[in-house]
Amino acid sequence: MSRAFGVAAGLDPEVARPLAARCAELGYESMWSNDHPGAKGLATLAEFAAAAPGFDLGVAVIALDRTPPEQIAGDIEELGIDPARLWLGVGAGFTKKPLTKMREALPQLRELLPDVKLVLAAMGPKMCELAGSSYDGVFFNWMTPNFAAGAREKVEAGARAAGRDTPRVFGYVRTAVGPDATARLAKEESFYRDLHKGYRDHFDRLGEPEGTVGVAAPSSTAAQDALSAYEGPLDTIVVRGLASAKVEPMTALAESAAPTA
């Protein structure tokens, strides 16, 4: 069972460092951060790296309409992140022609970041096929297990058409545990449902009731059961922790969702 742990960018270093160290003890394979206008995901990864040497690191995802490849390369160098340890998730953001943007960006990313593993954010079928044909990994977001299974088939089809092995399939699974779990998941999901047209279209395709895409569980046992449904569609489940950004709540959630033997 392959699991990673993910957070929102900008997590206080006094939280990020002990959280990463505990996740390493729990058997998570890597630590991930998103990236947003208010905080750089790569900066959060640098804190994880300081506390858990040897951990793989992932950012999912950096929008190329906001942060061009040259800036990404400069940030990686400035922060001292080992490129060989990095899974760099990239997406089109608010670009009007996202598929074209991500196809055309790949050669420049390869040139600037030859040692970094490049991961494409993909939700629709054409982007999934592009990830399968050309990138080192693919990153799913806001999917049910069944929808992720269908998306994975598109990735595999793209890889077959290109005559290559299927790249690694990652995915955020928003996870909340405890008496307020349902409310936490619903709050997080409501923000993304209307973020932009790409997300609106995606949630329309999902056709799921609001507040149900992810894991909201009253206990660790229930969380483990729900997460296990993602084990086939995803090679690595990135548990996106929905908890207060403090050491104890985040660590407790990581413990509840940790990989089991």
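The values are calculated or read from the model by the stated rules, or taken from the named source; none is laboratory data. Keep in mind it's a predicted model, so treat the numbers as computed, not measured. A quick note on method: Cβ atoms are made from the backbone with ideal geometry, for glycine too, and the neighbour counts reach across all protein chains shown. Each accessible area value is taken on the protein alone, full model and side chains, heavy atoms only, with ligands, DNA and RNA left out. Shrake-Rupley method; radii C 1.70, N 1.55, O 1.52, S 1.80 Å.
Some observations on this one:
- Normalised Debye scattering of the range 147-226 at q = 0.19, 0.23 Å⁻¹ gives log10 I(q)/I(0) of -0.91, -1.07, counting only Cα atoms as equal scatterers and leaving out solvent.
- Checking every one of the trypsin sites (Lys or Arg not before Pro) in the range 49-124 against DSSP loop status and a limit of 14 other Cβ atoms within 10 Å picks out ARG66, LYS96.
- When only alpha carbons are used to place a centre, the range 54-125 and the range 11-25 end up 24 Å from one another.
- Within the range 1-102, percent of DSSP bridges classed antiparallel, to nearest 5: 10 percent
- Once you reduce the range 229-245 and the range 197-219 to the center of their Cα atoms, the two points are 14 Å from each other.
- Computed about its Cα centre, the charge dipole of the chain is approximately 680 debye, with only Lys, Arg, Asp and Glu carrying charge at their Cβ.
- Amide H partners (placed H, <5 Å) of GLY58, local residues excluded: MET31, TRP32, SER33, TRP87
- Taking a sphere under 15 Å around the Cβ of THR182 and counting the other residues whose Cβ falls inside, with K and R at +1 and D and E at -1, yields a net charge of -2.
- Here each label is just a point 7 Å from Cα along the line to Cβ, and for GLN71 and LEU112 those points are 1.0 nm apart.
- Accessible area of ILE76 (1.4 Å probe, protein heavy atoms only, ligands and nucleic acids ignored): about 10 Å².
- Within the chain, the proportion of C-alpha pairs whose separation exceeds 26 Å stands at 36%.
- For the range 80-130, the Kirkwood estimate of the hydrodynamic radius, built from every pair of different alpha carbons, is 11.7 Å.
- In a simple Cβ point-charge model (Lys, Arg +1; Asp, Glu -1; nothing else charged), the range 1-70 has a dipole of about 100 debye relative to its Cα centre.
- Charge context of VAL215, other residues only, Cβ under 10 angstrom, K/R +1, D/E -1: +1
- Amide hydrogen proximity for MET123: with H placed 1.01 Å from N in the peptide plane, the residues at 5 or more positions away or on another chain lying under 5 Å are CYS128.
- Looking at the chain alone, DSSP beta bridges between its own residues are antiparallel in about 5 percent of cases.
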